[in-house]
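Rule-based calculations on the coordinates, nothing more; no lab input. As the structure is a computational prediction, the values presented were derived from the model and not from experiment. Ideal geometry is used to build each Cβ from the backbone, glycine not excepted, and the neighbour counts take in all protein chains shown.
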Amino acid sequence: MPSSKPVASLVLATYNSAHTLPAALDSLLTQSLPIQLIVVDDGSTDNSLDLLTNYSDKIMLLKQDHQGPAIARNLGAEYASSDILLFVDADMEFGPDYVRDLITPIKKGDAIGTYTTLEQVANWDNPLARCWNIEEGWEDQSRFPKNPPKWGTDYRAILRSEFEGVGGFDNIGYTDTWSLFHKLGKRPLATHALCYHHNPDSYKKIYYQAKWAAKRPYKLGLFGALYAVLRSTLPISIMVGMFRSITRLNPQYLAFKIIYDYGRVFGILEMLISGKLSK
């Protein structure tokens, strides 16, 4: 741990992310400002824990049974020593001034929390990773659409007092990070803190990420969830996949769309039948 007082406490929740963890940790441990780095392993079954032992003198490591990122992040926040919390993912990499650029508006009193619009795709050279951008409607090489809003929905940094005042994240599935702005009634301010985020880049990763992303609250409740299932049926997947493959000049998008929608259907059904909200 750095000897000087940390300017922020970072919570990184990880689940079976051994392939991306080293880059994430190394880029966090070389930030331009001192930080407290709290890693919460959410019941990983790969070699994440073995890998994390190599960082035992630089991080605070917490463990829990697999319950999902919201509960893991809330656990990490309980051990924070700083007045500012940051929440990051295990499949991200960070510019050296990432923390500085996120917390500056908070320290100036301009906002209670921030997010970044300078979130780039780490694996843009992979054709399937580029398909994820097509599906989400994001700009090329970015994890945001063109002209993202000044005030967002997904807090990356927030005053600990505000976070604790609303009881942290709600365990509502993929959109758990949005629960803060719903409860606070305030949105995070946009910054240009540079980071890189991996898109799913294999059919297996696409399936599981789509399955996870489908586990969320839906407008109109059960009706909305079932409507989402209907929109993801094979005939519609093929039609949309073929159209976008042609218009976006990406022939792999058709197969991507079929696998993506297949994952969405199973994610929604698993959520409705078993109530499971984690990956």
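What the table shows:
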read-out: Using alpha-carbon coordinates, inclination of helix 234-247 to the longest axis of the chain, degrees; value: 80 degrees
read-out: Counted charge near L49, where neighbours are those whose Cβ lies closer than 15 Å (Asp, Glu -1; Lys, Arg +1); value: -4
read-out: Relative contact order (%) - the chain, alpha-carbon pairs under 8 angstrom, separation at least six; value: 19 percent
read-out: Binned Cα-Cα distance frequencies in the range 147-273 - 10 Å width, integer %; value: 12, 31, 33, 21, 4
read-out: Rounded to whole Å, sorted largest first: equivalent-ellipsoid semi-axes of the chain, Cα gyration tensor; value: 31, 20, 20
read-out: Cross-link pairs beyond the 21 Å C-alpha cut-off, checked among K183/K219; K204/K279; K63/K183; K63/K279; K58/K279; value: K63/K183; K58/K279
read-out: Acute angle (nearest 10 degrees) that the helix 222-231 long axis makes with the longest principal axis of the chain, alpha-carbon atoms; value: 60 degrees
read-out: For the range 94-107, Karplus couplings with θ = phi - 60° (6.51, -1.76, 1.60), whole Hz, Gly/Pro x; value: 10, x, x, 9, 4, 5, 4, 6, 6, 8, 4, x, 5, 5
read-out: Residue-count net charge about F181 - beta-carbon cut-off 10 Å; Lys, Arg +1, Asp, Glu -1; value: +2
read-out: Total formal charge among the other residues, if their Cβ is under 11 angstrom from that of Q120, Lys/Arg +1 and Asp/Glu -1; value: -3
read-out: With Cα atoms, 0 to 90° folded angle of helix 203-213 axis to the chain main axis; value: 70 degrees
read-out: Segments 69-78, 23-32, 218-227 sorted - mean Cβ within 10 Å per residue, highest first; value: 69-78, 23-32, 218-227
read-out: Cα centroid separation - the range 107-186 against the range 200-233, whole Å; value: 19 Å
read-out: Structure-based [θ]222 nm, the chain - -39500 (n - 2.57) summed over DSSP H runs of at least 4, per residue, nearest 500; value: -12000 deg cm²/dmol
